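Readers should treat all values here as calculations from the given coordinates under stated rules, not as data from a laboratory. Remember, it's a predicted structure, so these values are computed and weren't measured experimentally. Using ideal geometry, Cβ is built from the backbone for each residue, glycine included, and neighbour counts are taken over all protein chains shown.
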């Protein structure tokens, strides 16, 4: 039996050096040291040995077992280290290779123009005011001198939520909320999304953007309004831009005007965009109606003010030469990449 154990040791140690993966090592362990392994089978025959030989054979068997287990441990560690080195070599990073530049998004053209307009008006001393897009009828219409059954409501196709609540049709309710909350002097712009039930085409959308302005203080005149809008037009469309006021009617301003600027495409020469007139209408404006001031608790005998409002989408189209408003909302990456 002693010779048999020595034979197992010799064969096992020789075979151990020839194993090259962890799967083979596990098979070797089971074959030599498992419950049905060669070493276990020899030890089961110890019962037939004389009593005086059993301790000697048992000690030898334990030495062989410990030797094989230690050999397995070292061989396993060596194979794992070799595998790690091979993996590291395969995954080596060449730090001299140029990295892949991450793809960065860009601002939407509407956002770019809004930021530009905001900076212009902030530079003239305006503050920014915001309000809810779901609005009360009283703020959206009645406070602006447009009572129920007023003909002006027919001009604006409104999304009503219920009889007294709607999606705002302009950002003018923000002006009302500001005047109710804050007494003059007031100097604000109100940018934001607005909603009207318009059919979608190249110039109309049920969702669009406005930016409105309001100034209320003592001795505010139409001349102040013209000066602000003239500076605005030159900043946006260029220093050679001229403005023209045409009489108009809005229920919430008196007197009222529509404001034209020299065409940004042809610079006043006449083209298809401006219908060969050299002028393009960009906004409506006027002096705040006394009834609007009274509704907000501001004495029209002491204070006066002007207001103006423009479509941000229209300004964006004019500035970049875009001829279809739908392009601003379709999120076509080929279109947006141009900005």
Exercise. Taking the Cα-to-Cβ direction at residue 36 and at residue 20 and moving 7 Å from each Cα, how far apart do the two end points lie in nm?
Worked result: 2.9 nm
For this session: Just need the relative contact order of the stretch 172-310 here, percent rounded to a whole number, with Cα pairs under 8 Å and 6+ apart.
Result: 25 percent
Problem set entry | the chain - mean residue ellipticity at 222 nm from DSSP helices (-39,500 (n - 2.57) per run, n ≥ 4, rounded to 500) | -12500 deg cm²/dmol
For this session: Note down the nm distance, to one decimal, between modelled labels 7 Å out along Cα→Cβ at residue 200 and at residue 86.
Result: 5.8 nm
Seminar exercise, completed: Rounded to two decimals, the Debye log10 I(q)/I(0) of the chain (Cα scatterers, no solvent) at q = 0.12, 0.14, 0.15 Å⁻¹ is -0.91, -1.11, -1.22
Problem set entry | Where a label projected 7 Å from the Cα of residue 104 along Cα→Cβ would reach, residues of the stretch 324-339 with amide N under 15 Å | 339
Problem set entry | On Cα atoms only, tilt of 2-16 relative to the major axis of the chain in degrees | 30 degrees
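Between residue 334 and residue 157, what FRET efficiency comes out of the Förster formula 1/(1 + (r/R0)^6) with R0 = 41 Å and r the beta carbon distance, rounded to 0.05? Please report the intermediate quantities before stating the final value.
Values: r = 32 Å, r/R0 = 0.78.
Working from the Cβ atoms, E equals 0.80.
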Exercise. Which distance in nm do the two modelled labels at residue 79 and residue 299 give, with both placed 7 Å along the Cα-to-Cβ direction?
Worked result: 9.8 nm
For this session: Consider all pairwise Cα distances in the stretch 186-269 and report the whole-number % of them above 20 Å.
Result: 51 percent
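For the chain, what's the relative contact order in percent, using C-alpha pairs closer than 8 Å and at least 6 residues apart?
Normalised by residue count, the contact order of the chain is 14 percent.
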Exercise. Who wins for biggest fluctuation among 73, 272, 101 in a Gaussian network model of the chain, springs between alpha carbons below 10 Å?
Worked result: 73
Problem set entry | Value of relative contact order over the stretch 262-316, rounded to a whole percent, pairs C-alpha under 8 Å and six or more apart | 29 percent
